[in-house]
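Take a look at the structure set out below.
The values are calculated or read from the model by the stated rules, or taken from the named source; none is laboratory data. Worth saying up front: this structure is predicted, and the values here are computed from it rather than measured. All Cβ positions, even for glycine, are placed from backbone atoms using ideal geometry, and neighbour counts span all protein chains on display. Just so you know, the surface numbers come from the protein's heavy atoms only, side chains and all, with ligands and any DNA or RNA stripped out. Shrake-Rupley method; radii C 1.70, N 1.55, O 1.52, S 1.80 Å.
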Amino acid sequence: MGLLKAVGFRGLTVALLFFNLLVGLTVGIGVNWGTQLTHPLPPATVVKMLKDNGIQKVKLFDADSSILNALSKSGIQVMVGIPNEMLYALANSVKAAENWVSKNVSSHVSNGVDIRYAAVGNEPLLSTYNGTFLPTIFPALQNVQSALIKAGVSNQVKVTIPINADVYDSSGSDMPSNGDFRPDTKDLMVEIVKFLSDNGAAFTVNIYPFISLYNDANFPADYAFFNGYSSSINDNGKIYNNVFDANHDTLVWALQKNGFGNLSIIVGEIGWPTDGDRNANLQYAQRFNQGFMSHIKNNAGTPMRPGPVDAYLFSLIDEDAKSIQPGNFERHWGLFYVDGTPKYQLSLGTTSSNGLVAASGVQYLDKKWCVLSPSASLDDPQVALSVSYACANADCTSLGYGTSCGNLDIRGNISYAFNSYYQINNQLDTACKFPNLSVITTSDPSSGDCKFRIMIRSSSSSALNAGAGSVEKPSCLILFVLVSVFFFTIL
């Protein structure tokens, strides 16, 4: 798709057109609230943080009842998610869909939760899934819609599918006007788009300029941002100087070519990570997210879609237990660290403050760290085994070339791994018993941008405590080998 890679209505009635115009005029910025953390903040704390920052919409990846209860009467609009693993059951049973809607939508709507969307699946057509969800996504969408109608909430709650931008491309060119759906999914996409149109719903797309830069070393870095790119693309009079606009309008063209040029678009995920890769840092993330907020602030929209942009920033809080299969950056998309502390200056334009407001009332564990003992020998055969175990069971994604802790020496790398394991296991003494290697210190070993963080106190602590103990050899030799290779490659 060239520079864009990785990254009217049929039977249109006046009523549907009016609804879609209203959807397009949704006010306020939204955020994605992921929950793959070892120590999540209490839902009530997060909801207060959302309100303190003037965030008016939130997108969830499942239907966690404690989170939905906390959102009750908050004034925050909610997109509730259905994980991909549930698609098969929902596709094959209308009753299963009705039960899901009753438990996760209707009951919460009646309890004051302002649910606006039910997101069926999460990027189910991603090319890396190799068609796993192709047979189930559309039937699941249909059954959930039927269940919403039966429950009497379909006028308020609309179905959608968060879809990755790789379902469309521009046939190897840089011109959005060449956009169309990927050939292997086009028939299905047209069915889905027609269904969304017929039911007054919107197309939700996840756009990631960072991935363009991550996947292609030759991608022009400034084109990923909203300022500084000097080689604008002229597409029949439409001028593009950033990849977001170009990617978004490639979708607009794909919809238009298939008869749905007026379908509302929601940007379900957009953001920039702050660690885990040489292009993932605080400076780039601030530049991108502030640039995006400024870009949509005056409702300028994109060349093909002037007007307000309905968008959800990705994401609210770092997730230290998230899969790193796509890359180590996956745990670092948050505007806030895991303790609810803002990472950088960012004005969302939603409050009188020029920056983000931290979570309040957060409690921390004691100010102590687990580090490599000064007397420990790097030649000790237990070093590699201990480090691999710590990283496999904690979070070492801030270690590596170009990361926040990339300048640590070998002893610093080992200490970081030990401390990550120690903190995730709630500072249990037994979590700092790496044989003849580790010691607990009250002196902060942080160095420059590399922070040795202290874990927060969390309701999940008891479960983690039950599983923590002295360090044993990893049960999986393959895991040991992979983590060892990762660790000593970065030293």
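Yes/no per residue for (1) surrounded by fewer than 16 Cβ atoms within 10 Å (Cβ to Cβ); (2) aliphatic (A, V, I, L, M); (3) at pLDDT below 95; (4) within 16 Å of residue 266 (Cβ to Cβ):
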{"residue": "75", "(1), (2), (3), (4)": "yes, no, no, no"}
{"residue": "81", "(1), (2), (3), (4)": "no, no, no, yes"}
{"residue": "92", "(1), (2), (3), (4)": "yes, no, no, no"}
{"residue": "96", "(1), (2), (3), (4)": "no, yes, no, no"}
{"residue": "135", "(1), (2), (3), (4)": "yes, no, no, no"}
{"residue": "144", "(1), (2), (3), (4)": "no, yes, no, no"}
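When the stretch 325-342 is examined, which residues are found to be at pLDDT 95 or above and either closer than 17 Å to residue 396 by Cβ or open to solvent by 20 Å² or more (accessible area, probe 1.4 Å) (or both)? Step through it out loud before you land on a result.
From the stretch 325-342, those at pLDDT 95 or above are 327-342; that's our starting set.
Matches in the stretch 325-342: 327, 328, 329, 330, 331, 332, 337, 338, 339, 341, 342.
Of the strands (runs of 3 or more DSSP E) contained entirely in the stretch 26-94, those carrying at least 3 residues that are closer than 21 Å to residue 289 by Cα fall at 30-33, 57-60. Of the residues making up the stretch 395-406, those that are under 20 Å from the mean Cα position of the chain (by Cα) and of a type outside the set (Ser, Thr, Tyr) are 395, 396. Scoring residue 311 on the criteria (1) assigned to a loop (DSSP other than H, G, I, E, B); (2) open to solvent by less than 30 Å² (accessible area, probe 1.4 Å) leaves a single failure, condition (1).
One line per residue, one yes/no per condition, for (1) outside any loop (DSSP other than H, G, I, E, B); (2) among the small types (Gly, Ala, Ser):
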site	(1), (2)
272	no, no
289	yes, no
292	yes, no
295	yes, no
307	no, yes
320	no, no
324	no, no
353	no, yes
358	no, yes
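Looking across the stretch 360-377, the residues that are in a loop (DSSP other than H, G, I, E, B), closer than 21 Å to residue 451 by Cα and open to solvent by 60 Å² or more (accessible area, probe 1.4 Å) come down to 363, 366, 367, 374.
Checked across the stretch 163-185, the condition of being on the phi > 0 side of the Ramachandran plot, open to solvent by less than 20 Å² (accessible area, probe 1.4 Å) and either touching a helix residue (DSSP H, G or I) at 6+ places or on another chain (Cβ under 9 Å) or not basic (Lys, Arg) (or both) holds for no residue. Scanning the stretch 432-460 for residues that are crowded, with 18+ Cβ neighbours inside 10 Å and at pLDDT below 95 yields a single hit, 458.
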